[in-house]
Ligand code: FES
């Protein structure tokens with residue numbers, strides 16, 4: 001197998017780590033020295049070999065351990081995975097999308113053999129070799145969405161489209177940045193984004209919804225979003241805030257480099273063919289500040305972005321209290337020299 | 001980025017006249033391989049190279065959505081139209097290579113429905129054919145009421161009656177048969193969704209009757225693609241691309257923008273999806289709005305136009321394109 005999978009944890013002793021390979025391909029989200037809120041959507045096409053944008057579904061060294069973490073979250077709280085009855089077909093769409101993409105793009109890790117509706121799926125990293133009947137739920141150990149997303153990194157929001165709106169009617173959500181599937185399920189786009197206080201923000205939401213409603217088959221889209229997390233925690237759910245919220249108070253100048261993580265979400269958007277539903281895979285990447293500053297351009301730029309970020313945004317993203325310490329720590333890595341445009345490191 | 005741009009290269013595998021007006025076309029992927037699956041109700045936009053004019057028409061996919069071997073559409077000849085359907089009938093032959101768009105669905109089934117009640121008029125039968133395939137496969141409950149002019153113009157009526165015994169009801173205009181809509185709607189189980197595809201009058205009748213009988217708006221679905229209307233030629237200034245474009249008598253504004261190399265998004269080309277909505281920067285004259293998309297208020301406001309079906313009469317029109 002081409003990828004060396006880490007044996008690591010995202011809780012307790014936090015043994016999560018990024019190899020040099022993972023650092024180099026990290027989706028650093030800032031293309032300039034400042035950050036403005038924007039929709040920043042682009043077509044989800046293969047881009048830059050080796051980058052996280054190369055494949056339909058990125059698989060990296062954290063795969064096996066992330067799947068173990070997901071299984072543990074689900075064992076503790078089965079409500080992290082839910083699907084309303086009319087979303088089963090969308091679940092099969094997702095099975096097909098992921099299996100076909102992974103078998104095509106990672107032939108050394110995944111295989112899909114079809115004999116009519118009789119499919120055999122081989123997932124070598126997780127040691128799975130299952131034969132089932134496509135569209136027959138009784139032939140799988142879980143519902144189709146749960147089955148495939150227990151084997152795929154990232155959260156999944158499954159949206160039904162009707163009445164010119166999107167409805168969060170299914171999902172697998174175990175690595176979220178502070179939102180809850182159990183709370184949002186069954187809500188429409190405006191409900192799960194509520195409250196939207198200002199008319200002008202309402203305008204942005206209406207435009208974003210229009211964009212999403214028009215995502216077409218064969219033309220997936222993507223965007224990056226980011227936040228901060230203390231410790232490499234995947235599961236920062238509101239249900240568990242009492243466990244992770246207080247970790248924010250553990251930061252010191254000494255441990256900040258290893259404890260403070262930039263958390264980047266690669267959000268992708270696909271139209272599903274049979275159900276006409278939309279699926280939003282939300283893949284979470286974590287990087288410690290220590291690792292991040294090994295790329296000089298990123299260290300310099302992150303310092304400037306965090307320093308100049310409007311107060312509301314730092315509050316909204318939940319790190320306003322730690323910002324002064326973060327800025328001070330990062331300033332050691334900012335010599336004031338200019339940074340180049342774009343998100344990639346300079347050495348290539 | 002134009003929305004309608006993801007293309008599929010296909011070869012015409014079969015051209016089959018079905019009756020005096022309707023011809024069926026079957027497409028397979030050029031060079032082999034499967035086509036994308038789709039959902040019942042989806043359409044594809046077919047590109048036609050008609051001399052130096054490129055025509056693009058949207059047609060509902062009528063084949064089994066799970067069959068990735070081929071797509072099938074049916075085209076009704078419209079002698080009064082601008083030429084797209086005539087091109088399909090007269091120029092498209094087996095073996096010809098064509099370009100079509102990925103499937104787009106603006107008329108999908110509501111999968112929460114306990115029962116799907118389908119009302120078709122004429123060529124409006126095609127999206128239901130794919131939906132019935134899908135529902136039959138999923139074990140969904142459905143019923144079709146299909147109104148045709150005469151038995152000989154009852155496109156696929158016989159085939160459907162045989163394929164779905166007891167579920168298909170055909171009404172012949174020439175025998176004075178008509179769907180008894182109030183009775184039909186009154187006898188549906190709770191959780192039924194109604195779908196209508198056919199002429200404008202039929203669509204309005206179904207929406208109107210259902211709403212009078214207290215049906216929730218969300219339980220009644222319709223699809224109607226409008227053919228772009230012909231009209232007096234006019235001139236448009238495109239502010240962003242800094243071009244002046246002439247729109248011909250039988251050309252749509254959208255087609256004229258495309259011919260001038262201006263990026264103009266679209267999905268349905270039939271006034272239904274909203275994708276082509278364009279801001280008007282200035283005008284002196286009157287709009288001929290033909291779309292289903294803009295509200296009456298927006299239409300009166302003079303700030304938006306849907307270039308796929310709407311026109312303009314007057315001195316100047318400046319668009320944000
Ligand atoms: S392209 Fe759909 S409304 Fe104009």
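All of the numbers you see were taken from the coordinates with simple rules; none came from a lab. These numbers come from a predicted model, not from an experiment. Glycine gets a Cβ as well: all are built from the backbone with ideal geometry, and neighbour counts include every protein chain shown.
Name all residues of segment A:17-37 having a backbone nitrogen under 20 Å from the label point set 7 Å from the Cα of residue A:332 along its Cα→Cβ direction, giving them as ranges. Correct set: A:18.
Just order A:221-232, A:15-26 by mean Cβ neighbour count inside 10 Å, highest at the front, would you?
So the peptides A:221-232, A:15-26, ranked by packing, come out A:221-232, A:15-26.
Fewest neighbouring Cβ atoms within 10 Å first, the residues A:241, B:283 line up as A:241, B:283.
Taking Cα atoms only, the orientation of helix A:63-76 departs from the longest principal axis of chain A by about 80 degrees. The overall shape of segment B:237-287, judged from the alpha-carbon gyration tensor, is rounded, with an a/c ratio under 1.5.
Taking 0.36 nm per residue of separation and subtracting the Cα-Cα distance, full extension of the segment from residue A:183 to residue A:41 would add 48.5 nm.
Legend: ranking of residues A:261, B:133 from fewest to most surrounding C-beta atoms inside 10 Å; resulting order B:133, A:261.
Distance from the C-alpha centroid of segment A:283-306 to that of segment B:176-252: 53 Å, rounded to the whole angstrom. Across all directions, the shadow cast by the convex hull of chain A built on its C-alpha atoms averages 17.4 square nanometres. Compute the Cα gyration tensor for segment A:125-264, then decide on rounded, prolate or oblate, letting a ≥ b ≥ c be the square roots of its eigenvalues: rounded whenever a/c is under 1.5, prolate when a/b is larger than b/c in the other cases, and oblate in all that remain. Taking the square roots of the gyration eigenvalues as a ≥ b ≥ c, segment A:125-264 is oblate. Cα-based values for segment B:184-240, radius of gyration first and Dmax second, are 17.8, 55 Å. Figure legend: label point modelled 7 angstrom from the Cα of residue B:249 along Cα→Cβ; residues of segment B:45-87 with amide N under 16 Å from it are B:80-83.
Going by the alpha-carbon gyration tensor, a ≥ b ≥ c the square roots of its eigenvalues, is segment B:1-61 rounded (a/c under 1.5) or, if a/c is not under 1.5, prolate (a/b greater than b/c) versus oblate? Provide the component values of the computation, followed by the final result.
On the way: a/c = 1.38, a/b = 1.14, b/c = 1.22.
Because its axes are fairly even, with a/c under 1.5, segment B:1-61 counts as rounded.
For the pair residue B:240 and residue B:286, a Förster radius of 30 Å applied to the C-beta separation gives a FRET efficiency near 0.80, rounded to the nearest 0.05.
Spin-label pair residue A:191-residue A:207: with each label point 7 Å from Cα along the Cα-Cβ axis, the two points sit 2.7 nm from one another. The relative contact order of segment B:9-112, computed from alpha carbon pairs under 8 Å that lie at least 6 residues apart in sequence, is 37 percent. Over the protein assembly as shown, the ratio between the Cα radius of gyration and 2.2 N^0.38 Å evaluates to 1.05. Ranked by the mean number of other Cβ atoms within 10 Å of their residues, highest first, the peptides A:324-334, B:34-44, A:141-151 fall in the order B:34-44, A:141-151, A:324-334. In whole angstrom, segment B:80-211 maps to an equivalent ellipsoid with semi-axes of 27, 19, 15, each derived as √(5λ) from the alpha carbon gyration tensor and ordered largest first. Bridges between two residues of chain B, per DSSP, are antiparallel at a rate of about 65%. The spacing between segment B:23-64 and segment A:202-258, judged by their C-alpha centroids, is 40 Å. By the beta-carbon count within 10 Å of each Cβ, the least crowded to most crowded order of B:252, B:211, A:237, A:51, fewest first, is B:211, A:51, A:237, B:252. Rounded to the nearest 10 degrees, the inclination of helix A:296-308 to the longest alpha-carbon principal axis of chain A is 80 degrees.
Nearest 10 degrees, 0 to 90: what angle lies between the long axis of helix B:200-212 and the longest principal axis of chain B (Cα atoms)? Rounded to the nearest ten degrees, it is 60. You can think of it this way: the chain between residue A:253 and residue A:104 has 49.0 nm of extra reach, that is 0.36 nm per residue less the Cα-Cα gap.
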